[in-house]
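Below you'll find the structure, written out as structure tokens, and then a few comments.
The values are calculated or read from the model by the stated rules, or taken from the named source; none is laboratory data. Keep in mind that what you see is a predicted model, and the values were worked out from it rather than measured. All Cβ positions, even for glycine, are placed from backbone atoms using ideal geometry, and neighbour counts span all protein chains on display. The accessibility values were calculated without ligands, DNA or RNA, using every heavy atom of the protein model including side chains. Shrake-Rupley method; radii C 1.70, N 1.55, O 1.52, S 1.80 Å.
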Amino acid sequence: MSILTPSKHTNLHYSIVNISANIIKVLQECEIIEYNNLLDILKSKIGIDVGEVFISSLTFLYIMQKIEYIEELDSIRINDEVM
């Protein structure tokens, strides 16, 4: 079973692919953003239930080398080398 494979019960609004796309959009505008601020922006844009899929979406983007985590700042930025 894959977390990216939708079923008939999947709410595509809260899918990993949709949340990941929104994360990329926010990062393209802000360039670098703190973890909590990114989560707050997504909650206001998409809905409060985004928190359930947020970590999985960040993990997906990190594995795909689309984002970088900056530990010292507890922030996330887009990986310009891959984009």
Contact order relative to length for the chain, counting C-alpha pairs under 8 Å separated by 6 or more residues, stands in percent at 31
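Give me the 1.4 Å probe accessible area per residue for the chain, excluding ligands and nucleic acids, in Å².
On the way: 5670 Å² over 83 residues.
Spelled out: the 1.4 Å probe surface of the chain, per residue, equals 68 Å².
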Within the set Ser57, Ser44, Ser20, GNM on the chain using Cα springs under 10 Å gives the largest fluctuation to Ser44
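Gain in length, Asp80 to Thr59, computed as 0.36 nm per residue apart minus the alpha-carbon separation, to one decimal in nm? Mind dumping the intermediate values first?
Numbers: separation 21, 0.36 × 21 = 7.56 nm, distance 1.74 nm.
Difference between extended and current length: 5.8 nm.
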Helix axis angle, 35-45 relative to the chain longest principal axis, alpha carbon, degrees: 50
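Under a Cβ-Cβ cut-off of 13 Å, what is the net charge of the residues other than Tyr69 that fall near it, where Lys and Arg count +1 and Asp and Glu count -1?
Working: positive: Lys66, Arg77; negative: Glu34, Glu68, Glu71, Glu72, Asp74.
Value of the local net charge: -3.
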Hey, can you grab everything whose amide H is under 5 Å from the amide H of Ser15? Only 5+ residues off in sequence or another chain; H modelled, so Pro and N-termini drop out. none
Starting from the amide H of Ile67, placed 1.01 Å from N in the peptide plane, find each other amide H under 5 Å away whose residue is 5 or more places distant or on another chain. Tyr62, Asn79
Return one number: the angle in degrees, 0 to 90 and rounded to the nearest 10, between the long axis of the Cα atoms of helix 51-63 and the longest principal axis of the Cα atoms of the chain. 60
Counting other Cβ atoms within 10 Å, keep those with at most 11, restrict to DSSP loop, and tell me which trypsin sites (Lys or Arg not before Pro) in region 7-83 are left. Lys8
What do you reckon, how do Phe60, Phe54 stack up by accessible area (1.4 Å probe), largest on top? Phe60, Phe54
